[in-house]
Structure formats: structure tokens, C-alpha cells
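Report on the following structure.
The values are calculated or read from the model by the stated rules, or taken from the named source; none is laboratory data. The shown structure was predicted, so the numbers you read here are calculated from the model rather than taken from an experiment. Counting neighbours? That spans all protein chains shown, and the Cβs are built from the backbone with ideal geometry, glycine included.
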Amino acid sequence: MQESEGLRLAQAEILELREAIANIRQDAEQSLAEKQHTIQQVVAMREALEQMHADKQSSVQQVMSDASDEIAQLKATVHAMREEMEQVQFEKQRAIQQAMADSSDEIAQLKATIRGLRDEMESTTIRHREEIQGMKTAARDEQKQLHETIAALRDELEKKNGR
């Protein structure tokens, strides 16, 4: 019964880990969608800058400078976000591995506890059987002594009464 409880707990932990993995996978997919959205925004801004270039030839140099600065900032932002996303993914993976290791350790500890309790229960059962056997032997010895005492008293009474 304790083994089934341990198994149930282990299965519940596995289910929790699977849910955590699914959540992490969903977060990673959401991060990828956000990254693609940012890239689409960059493309849209570039197209807007190219249209402005065609419309305003006199401000070509300023527009190009602004666009270049903005693109550099966006690239830096994308790079920073990519690094942050990789760090988050690394931390989540590390947390999953740690949770799995902790779960394995806990399972091993529970199994060791179960073995210890089983051994203790078997020792107690053997000790109780030995105690019961000793009590039965003592009762038989006492019964034998009482029968011998009864027989001796009976013999003594018969001798006194003349038989």
C-alpha cells in the first residue's frame, strides 16, 4: 500500500514536470512570436524610411542617419532580447533538470524509507512471534507444574484418608 502511495506521488510529480515543460515550451514559442513581430516591425519601418526617401530628396542624409541609428538600436535590442531569451531558456532548463534530480533523490529516499520500514515491520513480526512462542511455552510449563502439583496433592490426600 505504501508502494502504491509512493508510485502515486511519483506519478503526480511526473505530471507536474510535464506541465512545467509544456509551460516552458509555450513561453519559448511566445518569445519566438514576439521576436518575429519585432522583425516585422523593423521591416515595416525600413519600408517607411524608403518611402520618405523618395518623397523628400532634400532630407536624404538626415533620414538615412536616423534610420541607421534606429536600425542599430533595434538590432541591439533584438540582440539583447535574444541573449535574455537564451538566458531564460537556460535557467528554465536548469530548473527542470534540478527538479528532476530532486525528484529522483526524493524517490530514492522514499524507497529507502519503505525498505527500512518493511525491514522493521518484519523484525517486529518475528519478535512478536518469538514472544508468543515463549508465552505459550511458559504457559505449558506452568500447566504441567500445576498438574504435577495437583497429582501430588491428590496422592497426599489419598494417603491421609487411607486409601
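Would you call A99 under 25 Å from I24 (Cβ atoms) and either touching a residue at least 24 places away in the same chain (Cβ under 8 Å) or not small (G, A, S) (or both)?
yes
Starting from the range 108-136, keep only residues that are farther than 16 Å from E3 by Cα, then list their pairs with residues that are acidic (D, E) and assigned to a helix (DSSP H, G or I) whose Cβ atoms are within a distance under 9 Å, requiring at least 6 positions of separation or different chains.
Going by the 9 Å Cβ cut-off, there are no qualifying pairs.
What are the pairs with Cβ atoms under 9 angstrom where one residue, in the range 140-160, is free of Cβ contacts under 8 Å to residues at least 60 places away in the same chain and the other, located anywhere, is surrounded by fewer than 10 Cβ atoms within 10 Å (Cβ to Cβ)? Sequence gap at least six, or different chains.
So the pair list comes out as L157/R163.
Here's a check for you: in the range 25-40, which residue that is among the polar types (S, T, N, Q) and closer than 11 Å to M81 by Cα is nearest to the chain's Cα centre (by Cα)?
Filtering the range 25-40 for residues among the polar types (S, T, N, Q) gives 26, 30-31, 36, 38, 40.
Retained after the next criterion (residues that are closer than 11 Å to M81 by Cα): 31, 38.
Working: S31: 26, T38: 37 Å.
Among them, the one singled out is S31.
Within the range 73-103, can you find the residues that are exposed (fewer than 14 other Cβ atoms within 10 Å of the Cβ) and over 16 Å from I21 (Cβ atoms)?
Result: Q73, K75, A76, T77, H79, A80, R82, E83, E84, E86, Q87.
Does at least one position in the range 70-81 carry a residue that is within 20 Å of the chain's Cα centre (by Cα) and either part of a helix (DSSP H, G or I) or not aliphatic (A, V, I, L, M) (or both)? Outline the logic, then answer.
Going residue by residue through the range 70-81, those that are within 20 Å of the chain's Cα centre (by Cα) are none.
Among the residues of the range 70-81, not one is within 20 Å of the chain's Cα centre (by Cα) and either part of a helix (DSSP H, G or I) or not aliphatic (A, V, I, L, M) (or both), which makes the answer no.
Within the range 26-53, count every residue that is farther than 17 Å from E70 by Cα and either polar (S, T, N, Q) or in contact with a Gly (Cβ under 6 Å, 6 or more places away or on another chain) (or both).
4
Go through the range 99-130 and count every residue that is small (G, A, S) and touching a helix residue (DSSP H, G or I) at 6+ places or on another chain (Cβ under 7 Å).
Within the range 99-130, residues that are small (G, A, S) and touching a helix residue (DSSP H, G or I) at 6+ places or on another chain (Cβ under 7 Å) number 2.
I21 versus (1) closer than 23 Å to A76 by Cβ; (2) among the hydrophobic types (A, V, I, L, M, F, W, C); (3) surrounded by 11 or more Cβ atoms within 10 Å (Cβ to Cβ); (4) modelled with pLDDT of 85 or more: which is the lone unmet condition?
With respect to (1) closer than 23 Å to A76 by Cβ; (2) among the hydrophobic types (A, V, I, L, M, F, W, C); (3) surrounded by 11 or more Cβ atoms within 10 Å (Cβ to Cβ); (4) modelled with pLDDT of 85 or more, I21 is out only on (1).
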